[in-house]
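In what follows, a single structure is set out as structure tokens and then discussed.
The values are calculated or read from the model by the stated rules, or taken from the named source; none is laboratory data. Note that the coordinates shown come from a computational prediction; the quantities given were computed from them, not determined experimentally. Reconstructed Cβ throughout: ideal geometry from the backbone, glycine too, with neighbour counts over all protein chains shown.
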Amino acid sequence: MKKIISLLIIVFLLAAGFGSVQSKNNDINYIEYTIFFPDISEIDFVDTDNGQRINLEDYDFLRKPGMPMLPEKRLLLALPPDTIIKSFSADTYDTIELLGIYDIVKCPNLQLLDQINDKQIIEIDDDVNVESDNTFPIENIRLICSGSLRKYSYISVGICPFSYNQKSGKLEYYSKITIRLNLDSSLDDNTHLLTDNSVDSYASVLFDNYQDIQPLFESYETNQNMNRQTYDYVIITSSDLVDAIVSSDFISWKNTLGYSIKIVSIEDVEIASQSGFDLSQKIRNFLREYYSIWNIEYVLLVGDIATIPMRYCYPDPTNHLNTAGNPGGSGGDVPTDIYYADLSYDDSVSWDLDGDGYYGEYGQDAPDFLAEVYVGRIPTNVESRISYALNKLVLFEQDTGSWKNNALHAGAFWYFDNEDHTGMGVYDGATCLNEIEQDLMANWTVSHYSEQGGLAPSSFSWPALSHTSFTTDWRTGQYCIVNWGAHGWSDGAARKVWSYDDGDGVPESNEISWPYFIGVSSNIDDDYPSFVFAISCVINYPEPNSWGNIGIDFLTKPDYGASIGVVAATRITYGASNWIENKGGAESLCYEFSHYLINGPSGPEPAGDAMYDSKFFCTTNYGFDHYTEYWNMYNFNLYGDPSLVREGIEPNVLCGDANGDEVVDIDDVVYLISYIFSGGPAPIPEICVGDANGDGYVDIDDVVFLIAYIFSGGSPPVDDCCD
């Protein structure tokens with residue numbers, strides 16, 4: 001039955017700066033918003049070498065490569081309970097034709113940060129990058145996407161207050177726009193979701209109309225089914241890898257932090273009984289069914305791509321070639337785990353909307369990049385590597401040392417000025433890293449390297465980047481964050497050096513060398529493992545290949561494993577040239593991940609939160625109207641624990657509580673016996689908690705001491721076992 005809501009008119013000014021918004025809700029199936037744009041006097045025109053740039057406070061730009069960069073604001077509008085968008089319409093009002101002729105700056109072409117020894121720039125279709133009598137944009141209000149954040153369905157809307165005729169140079173401005181939303185009932189039974197308040201705080205800052213929508217949810221009873229078993233952390237693996245997980249300290253440590261962990265194998269009925277044409281779909285359908293029932297927040301996939309598959313997506317709808325296993329392949333396939341993080345809608349109305357079996361096509365399918373759960377992966381089937389990686393994650397999170405505010409950066413060239421006579425400007429990986437240092441790491445200790453060799457050194461006068469300088473610093477230093485911008489391959493990342501010139505003053509392909517500064521054979525270690533963000537191609541390449549898999553080794557290879565979390569690309573990646581002025585691309589993903597990890601909008605975020613929240617921020621604010629936007633969203637994945645806290649955590653220590661369940665009982669006796677005599681897991685969070693009698697050792701005397709305390713009224717465990 002349709003719920004009738006009394007006429008409600010609300011007018012409020014949003015800090016985002018796009019003017020005032022008037023919302024009108026006549027009933028739950030119809031919403032109308034009127035957006036009043038800033039006064040024309042607030043528009044700032046800036047002359048540049050490439051034309052005029054229009055600046056409007058708190059607006060970004062409509063980013064369609066080769067087309068005028070007009071200001072655009074993106075709104076995130078939450079919908080009433082249990083509804084989805086049915087149709088969308090909009091009108092502009094009060095057109096003002098601005099005097100004069102304008103030459104508006106065009107959106108630069110996207111650049112492929114290609115693999116070593118190769119190069120490509122995205123070409124714009126001839127029918128796009130032309131002057132015509134048609135005004136741009138074709139639509140001033142566009143529906144970018146729809147999706148959900150648990151109980152909140154939403155839409156993303158792009159609003160451009162300008163129309164521009166490229167041929168005549170005429171520019172028009174609108175004073176207001178009205179958006180009309182016709183809604184329908186949700187396709188799924190979401191009754192259980194409507195009582196889920198876990199994301200209310202996030203929603204309150206995310207959605208521009210939250211104050212309008214939030215009262216509509218108040219009538220739904222909260223705390224329903226409070227007696228049901230919940231698991232906020234789910235590990236998905238295969239049955240033959242479970243022992244490698246439970247033999248580590250990981251589960252006990254996470255239990256100490258308050259997580260309730262559930263291991264679900266792909267053979268278990270929860271997954272095996274799901275509908276789905278392949279295992280990826282069955283896993284996603286399992287998560288869609290259980291994430292609200294169990295209150296799942298984090299998902300850790302344990303296994304390689306063959307065991308726990310990534311979803312192969314095809315953002316370029318004209319390229320369905322799959323060249324998995326060849327890092328230099330020309331396929332359109334991009335393996336991704338974000339498929340498991342978006343649990344909004346069934347595949348048939350989202351990831352494979354057109355039903356052709358090729359997932360995630362730009363303009364043909366409808367993925368949602370706002371995550372319901374945060375997903376990470378331990379990308380190996382080698383049991384010793386799994387246990388090693390999990391134990392390393394525990395040790396990192398237990399460490400709260402000052403080195404957690406240290407960073408290491410390496411900036412190499414992607415392209416030289418006028419390389420191969422293209423006329424393109426210099427493209428230096430150090431540019432983004434310098435912005436991170438200046439904006440986000442003011443109180444950090446930062447070591448950084450740039451390209452100082454060859455005929456065209458970097459303008460950033462940092463110490464010279466080389467294999468020796470970078471790997472020695474990483475191995476002997478203590479760095480919590482390691483970022484780099486460089487060309488990459490599945491076995492490492494390389495400098496780009498203009499070694500010699502044939503006399504024409506132009507860097508050409510045959511004059512350029514590519515010495516590696518990090519590779520699978522580099523001498524690094526795991527004493528102080530780091531978060532790694534690589535603005536490079538194929539560093540997180542997941543498939544076996546003849547070169548190696550450096551992203552996997554960073555996390556899982558004993559002794560070599562210098563990382564506790566790797567955010568990097570599974571395929572080639574795309575950047576935004578002139579990044580300082582033209583945000584977006586892989587550089588913004590690195591910048592914002594560092595931002596959210598260090599001190600995001602609401603404080604530091606765990607690794608998975610930081611990656612998924614920052615990716616959504618980037619595509620919402622800097623997204624390109626091009627298939628490469630989807631490509632980058634799928635491409636960057638997290639190898640590591642999504643709940644991992646960068647700063648570390650100091651849990652309360654209860655001496656004698658060897659298993660970390662916050663109670664001293666017979667279970668701790670059994671736990672200690674297993675540790676002492678059978679090689680079982682060590683006491684957590686530190687071995688010293690097993691020293692119940694306080695003699696400085698964990699041995700059979702502590703077992704006897706605990707038995708006397710538990711069963712015979714003996715002395716309680718000491719208070720200072722870890723002092």
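So which residues in region 255-271 are part of a helix (DSSP H, G or I), in contact with a strand residue (DSSP E or B) (Cβ under 9 Å, 6 or more places away or on another chain) and either at pLDDT below 95 or of a type in the set (Gly, Ala, Ser) (or both), if there are any at all?
Residues of region 255-271 part of a helix (DSSP H, G or I): 255-256, 269-271.
Cutting the leftovers down to in contact with a strand residue (DSSP E or B) (Cβ under 9 Å, 6 or more places away or on another chain) gives us 255, 270-271.
Selection gives Asn255 alone.
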(request) Would you confirm whether any residue within region 313-332 is in contact with a strand residue (DSSP E or B) (Cβ under 7 Å, 6 or more places away or on another chain) and either among the acidic types (Asp, Glu) or more than 24 Å from Gly551 (Cα to Cα) (or both)? (result) no
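Can you tell me which residue among Ala562, Ala569, Ala586 is crowded, with 24+ Cβ neighbours inside 10 Å and either of a type in the set (Val, Ile, Thr) or closer than 16 Å to Ile524 by Cβ (or both)?
Numbers: Ala569 fails: either of a type in the set (Val, Ile, Thr) or closer than 16 Å to Ile524 by Cβ (or both); Ala586 fails: either of a type in the set (Val, Ile, Thr) or closer than 16 Å to Ile524 by Cβ (or both).
Unique residue meeting the criteria: Ala562.
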(message) When you scan region 535-543, do you find a residue that is small (Gly, Ala, Ser), surrounded by 19 or more Cβ atoms within 10 Å (Cβ to Cβ) and touching a residue at least 12 places away in the same chain (Cβ under 8 Å), even just one?
(response) yes
(message) Taking the criterion of being at pLDDT 95 or above, touching a Ser or Thr at 6+ places or on another chain (Cβ under 6 Å) and small (Gly, Ala, Ser), would at least one residue in region 289-303 satisfy it?
(response) yes
(message) So if I check each of Lys24, Lys106, which one is surrounded by 12 or more Cβ atoms within 10 Å (Cβ to Cβ), more than 25 Å from Phe616 (Cβ to Cβ), at pLDDT below 90 and among the basic types (Lys, Arg)?
(response) Lys24
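Could you pull out every one of the strands (runs of 3 or more DSSP E) wholly within region 137-209 that has 3 or more residues that are more than 30 Å from the chain's Cα centre (by Cα)? Lay out the reasoning, then the answer.
On the way: elements: 141-149, 152-159, 162-165, 171-185.
Passing ranges, in order: 162-165, 171-185.
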(message) Here is a list: Thr318, Thr380. Which entry is buried (at least 24 other Cβ atoms within 10 Å of the Cβ), more than 17 Å from the chain's Cα centre (by Cα) and either not basic (Lys, Arg) or not in a loop (DSSP other than H, G, I, E, B) (or both)?
(response) Thr380
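Taking Ile101 as the residue in question, decide whether it is modelled with pLDDT of 90 or more and under 24 Å from Asp60 (Cβ atoms). Steps first, please.
Values: modelled with pLDDT of 90 or more: yes; under 24 Å from Asp60 (Cβ atoms): no.
No.
Could you check region 534-645 for helices (runs of 4 or more DSSP H) lying wholly inside it with 3 or more residues that are under 15 Å from the mean Cα position of the chain (by Cα)?
On the way: elements: 550-556, 585-599, 607-622, 627-635.
Ranges flagged: 585-599, 607-622, 627-635.
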(request) Give the residue, chosen from Tyr298, Tyr259, Tyr233, Tyr210, that is surrounded by fewer than 20 Cβ atoms within 10 Å (Cβ to Cβ), among the aromatic types (Phe, Trp, Tyr) and touching a helix residue (DSSP H, G or I) at 6+ places or on another chain (Cβ under 8 Å). (result) Tyr210
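Inside region 140-154, can you point out the residues that are under 17 Å from Tyr362 (Cβ atoms) and in contact (Cβ under 8 Å) with a residue 24 or more places away in the chain? Quick ask: steps written out before the conclusion?
Kept after step one, since they are under 17 Å from Tyr362 (Cβ atoms), are these residues of region 140-154: 142-147.
Within region 140-154, Leu143, Ile144, Cys145, Ser146, Gly147 meet the criteria.
Yes or no, residue by residue, for (1) charged (D, E, K, R); (2) at pLDDT below 90:
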position: Tyr622; (1), (2): no, no
position: Tyr627; (1), (2): no, no
position: Tyr639; (1), (2): no, no
position: Glu647; (1), (2): yes, no
position: Gly660; (1), (2): no, yes
position: Tyr675; (1), (2): no, no
position: Val689; (1), (2): no, no
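For region 147-174: of the residues being in contact with a helix residue (DSSP H, G or I) (Cβ under 8 Å, 6 or more places away or on another chain) and of a type in the set (Ser, Thr, Tyr), which is surrounded by the most Cβ atoms within 10 Å (Cβ to Cβ)?
Step one: list which residues in region 147-174 are in contact with a helix residue (DSSP H, G or I) (Cβ under 8 Å, 6 or more places away or on another chain), which gives 149-152, 156, 173.
Next cut, of a type in the set (Ser, Thr, Tyr) only: 152, 156, 173.
On the way: Tyr152: 26, Ser156: 21, Tyr173: 20.
In this case the residue turns out to be Tyr152.
Listed here are the residues, each with its yes/no results for (1) out of contact with any Ser or Thr (no Cβ under 6 Å at 6 or more places or on another chain); (2) in a strand (DSSP E or B).
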position: Leu433; (1), (2): yes, no
position: Ile436; (1), (2): no, no
position: Gly454; (1), (2): no, no
position: Pro457; (1), (2): yes, no
position: Gln478; (1), (2): yes, no
position: Val482; (1), (2): no, yes
position: Gly503; (1), (2): yes, no
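From the list Gly640, Gly660, Gly648, which residue is touching a strand residue (DSSP E or B) at 6+ places or on another chain (Cβ under 7 Å) and at positive phi? Talk me through it step by step, then tell me what you get.
Values: Gly660 fails: touching a strand residue (DSSP E or B) at 6+ places or on another chain (Cβ under 7 Å); Gly648 fails: touching a strand residue (DSSP E or B) at 6+ places or on another chain (Cβ under 7 Å).
Step by step, each of Gly640, Gly660, Gly648 is checked, and only Gly640 is touching a strand residue (DSSP E or B) at 6+ places or on another chain (Cβ under 7 Å) and at positive phi.
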(request) State the number of residues belonging to region 561-592 that are without any contact (Cβ under 8 Å) to a residue 60 or more places away in the chain and hydrophobic (A, V, I, L, M, F, W, C). (result) 1
(message) Would you confirm, using the coordinates I've provided, whether Gly660 is within 39 Å of the chain's Cα centre (by Cα) and not in a helix (DSSP H, G or I)?
(response) yes
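I'd like the residue in region 397-427 that is part of a helix (DSSP H, G or I) and in contact with a Cys (Cβ under 9 Å, 6 or more places away or on another chain) and, out of all such residues, is surrounded by the most Cβ atoms within 10 Å (Cβ to Cβ). Let's see the steps before the verdict.
The initial filter retains those residues of region 397-427 that are part of a helix (DSSP H, G or I), namely 397-398, 402-405, 419-421.
Still in the list and also in contact with a Cys (Cβ under 9 Å, 6 or more places away or on another chain): 403-405.
Working: Trp403: 14, Lys404: 20, Asn405: 17.
Step by step, filter region 397-427, then rank; the result is Lys404.
Kindly evaluate Ile261 against the criterion of being without any contact (Cβ under 8 Å) to a residue 60 or more places away in the chain and of a type in the set (A, V, I, L, M).
On the way: without any contact (Cβ under 8 Å) to a residue 60 or more places away in the chain: yes; of a type in the set (A, V, I, L, M): yes.
Yes, satisfied.
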